[in-house]
Amino acid sequence: MMEELILNHTAAFSLEELEALIAEQLPVLLDRLIRRHKEFSVIIRILRLIVALSRTYPMILLERAEILLKRLVVLLEGSHPLWLKTVVVEALHRLLTHHIFVFHLYQHYDAKGTFK
């Protein structure tokens, strides 16, 4: 339901509300994603929400994009289940094939020379 709201009803959120929501809840979602990687339905919902937010509001997620991408890559390493790695690769694919998100990432980090 949240994904539907984010993708198709952008007027339902003000940018200030959305920025506050992301600042407060995105770290919690990412921690839950890493710690509770056994709950398939929760993982799918979290990744779909992150992808929807980044595709709809790429400028809001730029400050947290580096952390987000690093945490997703961590899930590709180690002894995580194959289904989790597959879902993370799909999420990364959706993020990185969205040219507007990648362009904003470039402008925010690489163009300024601050990407670590």
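Observations on the structure shown:
- Residue match in the range 88-97 (condition: without any contact (Cβ under 8 Å) to a residue 12 or more places away in the chain, of a type in the set (A, V, I, L, M, F, W, C) and assigned to a helix (DSSP H, G or I)): yes
- Pairs where the first residue, in the range 45-60, is of a type in the set (D, E, K, R) and the second is crowded, with 18+ Cβ neighbours inside 10 Å and part of a helix (DSSP H, G or I), C-beta under 9 Å, 6+ apart: ARG48/ALA91; ARG55/ILE6; ARG55/LEU95; ARG55/PHE101
- Residues within the range 37-47 that are part of a helix (DSSP H, G or I) and crowded, with 18+ Cβ neighbours inside 10 Å, tallied: 3
- All told, ARG94 falls short of being charged (D, E, K, R), at pLDDT 80 or above and over 23 Å from TYR109 (Cβ atoms).
The values are calculated or read from the model by the stated rules, or taken from the named source; none is laboratory data. The structure presented is a predicted model; accordingly, all values stated were derived computationally and were not measured. A quick note on method: Cβ atoms are made from the backbone with ideal geometry, for glycine too, and the neighbour counts reach across all protein chains shown.
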